[in-house]
Amino acid sequence: MCGIVGYVGEKNCTDVLIDGLSKLEYRGYDSAGIAVFEKNRIVVEKSKGRLADLNEKMTQGHKPVGHCGIGHTRWATHGEPSDINSHPHGNKRITIVHNGIIENYQELKKFLDRQGYKFESETDTETIAKLLDYYYEGDPVKTIINVIQEIQGSYALGILFRDFPDRIFAVRKESPLIIGAGEGENFIASDVPAILKYTRHYYLLEPEEIAEITADQVIVRDVHGQPLEKELQTATWDIDAAEKGGYEHFMRKEIYEQPTAVKTTITPRITDDMPDLKECGINSEMLKGIRRLFVVACGTAMHAGMVGKYVIEKLARVEVTVDIASEFRYRDPLISERDLVVLITQSGETADTLAALRLASQRGAKTLAVVNVKGSSIAREADMVIYTHAGPEISVASTKAYSVQLAVMYLLAFSLAYEKGAITKERCQELTEALKQIPEQIEETLKQEDICQYVASKLVNADSLLYIGRGLDYALSMEGSLKLKEISYIHSESYAAGELKHGTISLITEQMPVISVITQTALQEKTISNMKEVKARGAKVTAICRQSLDLPKDIADYVVKLPETEELLMPMVAVVPLQMIAYYTAVLRGCDVDKPRNLAKSVTVE
Ligand code: G6P
């Protein structure tokens with residue numbers, strides 16, 4: 001969590017920092033701050049609240065003018081959001097911004113206390129700033145090398161030394177950091193969207209590498225201070241992708257980007273109507289050798305894994321266990337060399353997912369990452385990677401990243417099923433062909449926006465909501481429920497429809513709306529019975545079902561119809577109304593849709 005930017009060049013540094021931070025607010029948004037060299041002095045401005053609050057504060061007070069500086073947007077871990085706890089931290093000599101968590105900060109703090117340092121904030125970050133000050137004798141690189149040997153935990157740091165007013169220093173471990181390379185200007189950033197407006201070129205900073213950045217030069221050294229050759233990377237993401245482009249919210253824009261995102265993700269992985277994951281290192285021999293799969297992820301990505309489980313088990317007849325990453329890593333899982341551990345993650349930086357990957361590797365399992373962010377930690381550490389091509393997802397509530405994760409899980413399921421001999425080549429081609437049609441069917445589903453908005457208007461005053469479904473529909477409804485609660489703050493749960501009568505049905509009253517996902521023929525009669533049960537107890541029911549389904553009269557108050565596709569692929573279209581219902585409910589309740597309270601998009605804490 002937390003976003004970092006840094007700029008050195010001809011432009012007005014404050015403007016570039018604020019602009020860059022605005023692209024990183026998805027990483028945290030409870031406070032913001034900048035430090036800029038103004039006439040060779042480090043000037044710090046920071047404030048609790050959104051970036052807009054900082055901007056306002058500076059407009060009323062002082063807006064630093066200079067050409068070299070660092071900035072930060074925070075998601076609090078140590079100490080509440082407050083002006084004092086906001087970054088940057090430090091003194092007139094050395095000032096830093098930090099993303100990550102220093103695990104031994106208490107110990108270091110005691111040591112620094114004894115050296116006479118006085119602490120102002122409750123943050124772990126202030127300890128790093130003071131430790132840098134303690135070691136500093138005029139050589140920034142040497143100082144940083146000393147400090148990183150003392151600190152334990154995760155960090156990406158942007159550092160200013162008063163004695164070097166034309167440069168930024170940076171170092172990282174666990175938390176991400178890139179160095180943007182421009183013409184006569186350079187940057188640091190936690191993520192590519194922050195620099196896209198200025199340059200598409202960047203270097204990936206590896207753990208414990210130390211960067212020294214001026215307007216004309218980037219020097220990266222190893223932990224012994226030896227200069228390194230770095231390979232320049234080029235971002236393929238378009239600048240427009242990180243802008244709202246006329247949409248009121250990123251979330252709605254990203255919902256609308258799903259057809260393109262899915263198409264871009266699947267097209268390069270299909271050859272002669274067959275799934276083809278060879279470029280990702282997934283070949284026939286490897287697939288044939290798999291005994292079991294574990295899918296490990298958090299949040300929405302974990303929900304994509306739930307759908308994957310149903311599809312893989314159904315088609316390939318291979319056992320799949322889905323784990324929440326924070327549970328997996330502590331449950332001493334029984335994994336072996338013939339198991340494939342699939343890590344699904346949009347950011348590629350989620351701390352628990354990364355730890356799960358490392359555990360799986362230690363135990364000898366093969367690891368496959370399904371990742372959206374190129375060059376992220378998880379992408380780099382896994383044995384194999386399938387990149388999803390969603391482009392930058394800015395809204396904290398994930399939408400298009402989920403769809404492309406599903407698309408990849410389908411390709412994996414088809415490949416595995418074919419290689420295991422569980423389906424014929426013809427069936428595999430048929431399924432792949434159906435997947436190719438999905439972008440158009442998502443387009444078709446987007447036309448249901450009005451009815452989704454109408455359903456939302458009926459949910460807006462609810463205190464609690466229930467999503468029900470069976471099989472794949474249950475897996476999907478988990479995502480629908482999460483979407484609604486995270487952005488509208490209405491409590492909701494998803495429930496296996498058949499399990500309702502074992503307790504939860506006692507909650508049903510006229511005050512408890514129910515959303516029923518009903519797309520699987522074999523289970524539809526059963527789900528219809530469950531809908532009757534809740535209807536009879538007064539619930540207002542919304543059905544999300546296939547076009548062709550003839551629902552019994554009076555069983556649903558509102559119906560959202562979906563285009564027909566292969567039944568196994570129905571989650572790819574059925575998720576769209578669930579996203580839209582959540583979106584409009586949040587909009588109608590006046591919630592901050594793209595930045596829900598207490599959340600952050602990239603969760604690099606455990
Ligand atoms: C956070 C986000 C979720 C996301 C989850 C996993 O909780 O708010 O939208 O699904 O992290 O993130 P990842 O980057 O690993 O997919």
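The values are calculated or read from the model by the stated rules, or taken from the named source; none is laboratory data. Note that the structure is predicted; figures quoted are calculated from it, not measured. In this analysis, Cβ positions are derived from the backbone assuming ideal geometry, glycine residues included, and neighbour counts consider all displayed protein chains.
Numbers for the structure displayed
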| quantity | calculated |
| --- | --- |
| Close pairs (9 angstrom Cβ cut-off, 6 or more residues apart or separate chains): in a loop (DSSP other than H, G, I, E, B) in region 518-547, of a type in the set (Phe, Trp, Tyr) anywhere | Lys540/Tyr558 |
| Condition met for Val370 (away from the ligand (no atom under 14 Å from the Cβ) and either under 22 Å from Ser190 (Cβ atoms) or in contact with an Asp or Glu (Cβ under 7 Å, 6 or more places away or on another chain) (or both)) | no |
| Neighbours by Cβ (under 6 Å, 6+ apart or cross-chain): first from region 369-387, over 10 Å from Gly348 (Cα atoms) and free of Cβ contacts under 8 Å to residues at least 40 places away in the same chain; second more than 9 Å from the ligand (Cβ to nearest atom) and of a type outside the set (A, V, I, L, M) | Ala382/Thr367 |
| Region 332-358 residues that are over 16 Å from Thr388 (Cα atoms), paired with ones that are within 9 Å of the ligand (Cβ to nearest atom) and of a type outside the set (A, V, I, L, M, F, W, C) (beta carbon under 6 Å, 6 or more apart) | Thr353/Thr345 |
| Residue list for region 501-520, filter: β-branched (Val, Ile, Thr) and modelled with pLDDT of 95 or more | Val514, Ile515, Val517, Ile518, Thr519 |
| Yes/no for Ile324 being closer than 20 Å to Ala475 by Cβ, within 18 Å of the chain's Cα centre (by Cα) and at pLDDT 95 or above | yes |
| Top-ranked residue of region 168-184 - restricted to ones that are of a type outside the set (A, V, I, L, M) and surrounded by 24 or more Cβ atoms within 10 Å (Cβ to Cβ), ranked as farthest from Pro207 (Cα to Cα) | Gly180 |
| Residues of region 398-428 that turn out to be free of Cβ contacts under 8 Å to residues at least 60 places away in the same chain and either assigned to a helix (DSSP H, G or I) or within 16 Å of the ligand (Cβ to nearest atom) (or both), as a count | 2 |
| Any hit, region 131-148, residues being within 18 Å of Lys109 (Cα to Cα) and touching a residue at least 60 places away in the same chain (Cβ under 8 Å) | yes |
| Conditions (1) crowded, with 20+ Cβ neighbours inside 10 Å; (2) closer than 16 Å to Gly391 by Cβ; number of the one not met by Thr260 | (1) |
| Residue within region 515-530 that is in contact with a helix residue (DSSP H, G or I) (Cβ under 6 Å, 6 or more places away or on another chain), more than 26 Å from Thr399 (Cα to Cα) and of a type outside the set (Val, Ile, Thr) present | yes |
| Scan of region 107-126 for residues that are part of a helix (DSSP H, G or I), of a type in the set (Asp, Glu) and surrounded by 14 or more Cβ atoms within 10 Å (Cβ to Cβ), ordered by number | Glu126 |
| Selection status of Val559, hydrophobic (A, V, I, L, M, F, W, C) and either in a loop (DSSP other than H, G, I, E, B) or touching a helix residue (DSSP H, G or I) at 6+ places or on another chain (Cβ under 7 Å) (or both) | no |
| Whichever residue in region 550-606 is farther than 30 Å from His98 by Cβ and polar (S, T, N, Q) and, among such residues, is nearest to the ligand (Cβ to nearest atom) | Gln579 |
| One residue from Leu357, Leu340 being surrounded by 20 or more Cβ atoms within 10 Å (Cβ to Cβ) and more than 18 Å from the chain's Cα centre (by Cα) | Leu340 |
| Region 297-308, subset near the ligand (Cβ under 10 Å from one of its atoms) and either in a strand (DSSP E or B) or closer than 23 Å to Glu419 by Cβ (or both), residue farthest from the chain's Cα centre (by Cα) | Ala304 |
| Flag if Ser516 is out of contact with any strand residue (DSSP E or B) (no Cβ under 7 Å at 6 or more places or on another chain) and among the small types (Gly, Ala, Ser) | no |
| Some residue of region 339-359 being more than 19 Å from Leu204 (Cβ to Cβ), of a type in the set (A, V, I, L, M), away from the ligand (no atom under 14 Å from the Cβ) and in a loop (DSSP other than H, G, I, E, B) | no |
| Unique residue being within 22 Å of Tyr256 (Cβ to Cβ) and among the aliphatic types (A, V, I, L, M) when the list is Leu459, Leu416, Leu431 | Leu459 |
| Matching residues in region 386-397 - criterion: being away from the ligand (no atom under 13 Å from the Cβ) and crowded, with 24+ Cβ neighbours inside 10 Å | Ile386 |
| Residue satisfying all of: in region 309-338; within 26 Å of Gln579 (Cβ to Cβ) and of a type in the set (A, V, I, L, M, F, W, C); farthest from the ligand (Cβ to nearest atom) among these | Leu315 |
| Checking Leu562 against (1) surrounded by fewer than 17 Cβ atoms within 10 Å (Cβ to Cβ); (2) among the aliphatic types (A, V, I, L, M); (3) touching a residue at least 12 places away in the same chain (Cβ under 8 Å), the condition it does not meet | (1) |
| Residue match in region 429-447 (condition: part of a loop (DSSP other than H, G, I, E, B), in contact with a Lys or Arg (Cβ under 6 Å, 6 or more places away or on another chain) and either at pLDDT 95 or above or aromatic (Phe, Trp, Tyr) (or both)) | no |
| Residues satisfying the stated conditions in region 275-296, i.e. within 16 Å of the ligand (Cβ to nearest atom) and in contact with a helix residue (DSSP H, G or I) (Cβ under 6 Å, 6 or more places away or on another chain) | Val295, Val296 |
| Of the criteria (1) of a type in the set (Lys, Arg); (2) under 23 Å from the mean Cα position of the chain (by Cα); (3) more than 30 Å from Tyr155 (Cβ to Cβ), which one Lys314 fails | (2) |
| Candidates Leu446, Leu482, filtered to the one that is touching a residue at least 60 places away in the same chain (Cβ under 8 Å) and within 16 Å of the ligand (Cβ to nearest atom) | Leu482 |
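Rundown of residues vs (1) more than 19 Å from Glu319 (Cα to Cα); (2) modelled with pLDDT of 95 or more; (3) among the acidic types (Asp, Glu), yes/no style:
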{"position": "Ser336", "(1), (2), (3)": "no, no, no"}
{"position": "Leu340", "(1), (2), (3)": "no, yes, no"}
{"position": "Ser361", "(1), (2), (3)": "yes, yes, no"}
{"position": "Thr367", "(1), (2), (3)": "no, yes, no"}
{"position": "Val385", "(1), (2), (3)": "yes, yes, no"}
{"position": "Lys420", "(1), (2), (3)": "no, yes, no"}
